[in-house]
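Laboratory data are not the source of any read-out in this text; all were calculated from the coordinates shown. Note that the structure is a prediction, hence the values are computed from the model and not measured. Reconstructed Cβ throughout: ideal geometry from the backbone, glycine too, with neighbour counts over all protein chains shown.
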Amino acid sequence: MIFYFKVLQCFFQGTGALYIFEAYLNTIMIKNTILTAILLLASIFVYAQEEQMDFEKYNPVSTLVVPEHILSESRFPFIDVHSHHWRMGTMDLTELITEMDKMNMAVMVNLSGGNGDRLKEMMDNVNQNYPNRFIVFANIDFKGIGGANWSDNAVKQLETDVKNGAGGLKIYKSLGFSVQDNEGIRVAVDDPRIDPIWAKCGELGIPVLIHSADPEPFWFPHDEYNERWLELKQRPRRKRSDTNPAPWEQIIQEQHNVFKKHPETKFINAHLGWYGNDLAKLAELMDAMPNMYSEIGAVLAELGRQPRNASAFLIKYQDRIMFGKDSWAPDEYPVYFRVLETSDEYFDYYRKRHAFWKMYGLDLPDEVLKKIYYKNALNIIPGIDESLFPD
């Protein structure tokens, strides 16, 4: 029995449990009773559980006392340029409108419009019920790319979708990730077979909201140095590598090649182009590609941890950044309002796997807020009812 205890002693070396263990070990060596052994093992188990609380459970309540401004609605009416509602053709839109009104959302852009009959069904539902509160973007069906007349047919479908009311084109990250041509080869974001579509968007005067790649740390080793460690633990399928599907830098460069090749088309680079953690680099890209705009959906946490730097960036590029949220969760929007509008310090983001750090308010000027909330979208996305906004 003493042998096994010596093994456990080595196991607990360097932990707080060691001290309790050794105290009981000395008792056992003197009395060597079964009862003492049982108490020992039970105590070690309980203590070790306390010592090994994992990062997912650790969520301390801050004792910091600072001014708080909890906002339930935005200071100005806003347009959410990044939302997803796949059943908009058949759903009762009243519930959405009720939640939108509570937070002062004037217009929602549904990026998941599909194409053909599905998009038309959505537009019919919107036009029959709330014609000035929703904008719907079309999507491209990449199935069969590489086949005869694929590009021509895709362009014709896009033209039809715009005639049916689509206000823009949304490209999912599957392009560059999982989309394959008819020979099973990965289709790059800058594949020339897609060029006619980008050009047609410029001709039609509609923007392209495009999501390429994912946060760069998804390509990093999943170790203690990775800021996205918790997200990759909870969502392991998000882990990427240079061969799954390609290096991060390559996919991002493919996207930028498209922007540069089609200067007459306006591109809304989703999620700050995954450069919210490096605003100096994002500024370089904004300067180099004047037809590139962006939005803050799902990357607010990057801005909220660098308030002075982020505020300066948004003021400088106030004509190019829009409000976006991505996932529809009404109770999460107030964190966006608080980061953008207040000077609050050290408050929580709403999802730990995206930000285990605290947020700080940017306290943006009203004119900058108006541009982010609605003016920039009005200038870029056609068909929005301007009468919903103050000026």
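Rounded to the nearest 20 debye, what is the charge dipole size of region 107-220 about its Cα centre when +1 sits on each Lys and Arg Cβ and -1 on each Asp and Glu Cβ?
Result for region 107-220 is approximately 300 debye, rounded to the nearest 20.
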Name the long-range amide H neighbours of Gly168: under 5 Å, sequence gap of 5 or more, or other chain; modelled H, no Pro or chain starts. Ala138
Among beta bridges that DSSP assigns inside the chain, antiparallel share in %, nearest 5: 15 percent
FRET efficiency for Ile70 and Asp242 from the Cβ-Cβ distance with R0 = 56 Å, rounded to 0.05, comes out at 0.80
In terms of the charge dipole of the chain, which places +1 on Lys and Arg and -1 on Asp and Glu at the beta carbon, the residue among Asn129, Gly168, Ala329 farthest towards the positive end is Ala329
Starting from the Cα-Cα distance between Ala288 and Asp181, subtract it from 0.36 nm times their residue separation and give me the gain in nm to one decimal. 35.4 nm
Over what distance in Å are the Cα centres of region 154-173 and region 81-149 separated? 12 Å
Ascending count of other beta-carbon atoms within 10 Å, so fewest first, for Phe313, Phe220: Phe220, Phe313
Would you calculate a helix-derived [θ] at 222 nm for the chain, using -39,500 (n - 2.57) for each DSSP H run of n ≥ 4 and dividing by the full residue count, to the nearest 500? -12000 deg cm²/dmol
Around Ile268, what is the net charge, scoring Lys/Arg as +1 and Asp/Glu as -1 over all other residues with Cβ under 12 Å from its Cβ? +2
Straight-line reach from Lys260: which lysines have a Cα under 17 Å away, not including same-chain ones fewer than 8 places off? Lys200, Lys281
Most mobile of Leu272, Leu314, Leu204 in a GNM of the chain (Cα contacts under 10 Å): Leu204
If each K or R counts +1 and each D or E counts -1, the residues other than Leu64 whose Cβ falls under 13 Å of its Cβ total -3
Work out the FRET efficiency for Ser387 and Gln52 from their Cβ-Cβ distance, taking R0 = 56 Å, and round it to the nearest 0.05. 0.40
Tell me, what is the percent relative contact order of the chain, built from C-alpha pairs under 8 Å that lie six or more residues apart? 16 percent
Distance from a point 7 Å along Cα→Cβ of Gln234 to each backbone N in region 306-335: keep the residues under 18 Å and list them by number. 326-335
Extension gain, Tyr350 back to His222 (0.36 nm per residue minus Cα-Cα distance, nm): 43.8 nm
